[in-house]
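Reviewing the structure listed below.
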Amino acid sequence: MALQFAGNSLDDLLGELFAELVEPTNVIRPTKGEATELRAVTLQLTNPLARLSRTQTRGKLFSGLGELCWYLSGSANVDAIAYYLSRYSEFAVGTDVPSAYGPRLRSFDGFDQLLNVVKSIEGNPWTRRAVIQIFDHSDLASALTEVPCTCTLQFLLRDGSLELIVYMRSNDAYLGLPHDIFAFTMIQELVARLVGATLGVYTHMVGSMHLYTNDSAQARTFLSEGWQSNVLMPTMPADPSDGLAWLLRAESQIRVGADPFQVALDGPDPYWSDLACLLAIFGLLKRGRPNEIARLSTMLHSRVYDIYVADKLLQ
């Protein structure tokens, strides 16, 4: 039976979804362990700027931002993502992750799907062909340890707003979903700015939405926390190409070993400067220098990020 959830924020959606999944009604036993499952699930986020969880358990800004940079850089390098999310090391073959989204976004068979989406919309604002493919038939034939869960991203420009519809064959509600919604709505906003549109509704469709039994206690903790549903990320500036390129350079410098205080964090706009500053703060944590975070956090322009920085200071 298909289920539909709608909310103004990621936390609103997670709250409704977890409330259904923590009840052990539909139990499955896939490769990765026992889980509860909902099938044919649709989540609609009415304001994609409310893409960040404001809770302690699911407020994963730093790893989500690192994963987004990995995607947009077009990289498959395992070290570049294991720096943020160590679990990717399990899926590596040599130095790369074969299921990485970045090469599929930026050079699938030599084809930059992200740029093609922009060109398609600019060529015909009513197009229904602005689609990015992630999952490929060859994934099932190559015995990958991890097969991409995301099948397609479809961008629709309607009434001046850019909507995004994502279809997932499978989605881990606790670990994967917050990262997925963060990354995909950021890509949605990026495309919206590139085609001169406002940010429309985000729709997330999943064949098998599941919560592993090992995560059910944490999901119940989330439900007991409470949250603020009206806190938004700052709006991405118009014409983001230069800002994104600058951010990806700064991210690489910090990750490969430059001292966070020696990297230029004054970007082309405060929006991009803040994202680079957050990556630099994460860099201090990776280097075992949490006592220096407060000094770096004074450079943040937006106070939206304060709770995530404060959470790292408590760790």
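Values for this structure:
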| quantity | calculated |
| --- | --- |
| Sole residue being surrounded by fewer than 17 Cβ atoms within 10 Å (Cβ to Cβ) and either outside any strand (DSSP E or B) or at pLDDT 95 or above (or both), chosen from PRO24, PRO48 | PRO24 |
| Counted residues, region 192-206 - those being buried (at least 23 other Cβ atoms within 10 Å of the Cβ) and among the aliphatic types (A, V, I, L, M) | 2 |
| Matching residues, region 260-276, being in contact (Cβ under 8 Å) with a residue 12 or more places away in the chain and either outside the structural domain of ARG295 (by TED's automatic domain parsing) or part of a loop (DSSP other than H, G, I, E, B) (or both) | PRO260, PHE261, VAL263, ALA264, LEU265, GLY267, PRO268, ASP269 |
| GLU23 vs. criteria among the acidic types (Asp, Glu), touching a residue at least 12 places away in the same chain (Cβ under 8 Å) and either more than 22 Å from VAL147 (Cβ to Cβ) or assigned by TED's automatic domain parsing to the domain that holds GLN113 (or both) | yes |
| Among the residues listed as ARG58, ARG54, ARG87, ARG106, the single one being of a type in the set (Lys, Arg), modelled with pLDDT under 95 and in a helix (DSSP H, G or I) | ARG87 |
| Sole residue being at pLDDT below 95 and over 21 Å from VAL166 (Cβ atoms), chosen from ALA82, ALA141 | ALA141 |
| Region 109-138, residues that are closer than 24 Å to GLU90 by Cβ and crowded, with 16+ Cβ neighbours inside 10 Å | ILE134, PHE135, ASP136 |
| Residue match in region 289-299 (condition: part of a loop (DSSP other than H, G, I, E, B) and free of Cβ contacts under 8 Å to residues at least 12 places away in the same chain) | yes |
| Residue in region 270-315 that is farthest from LYS60 (Cα to Cα), counting only those that are surrounded by 17 or more Cβ atoms within 10 Å (Cβ to Cβ) and polar (S, T, N, Q) | SER273 |
| Extreme residue, surrounded by the fewest Cβ atoms within 10 Å (Cβ to Cβ), among residues of region 143-175 that are touching a residue at least 24 places away in the same chain (Cβ under 8 Å) and among the hydroxyl-bearing types (Ser, Thr, Tyr) | THR145 |
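The values are calculated or read from the model by the stated rules, or taken from the named source; none is laboratory data. Keep in mind it's a predicted model, so treat the numbers as computed, not measured. Ideal geometry is used to build each Cβ from the backbone, glycine not excepted, and the neighbour counts take in all protein chains shown.
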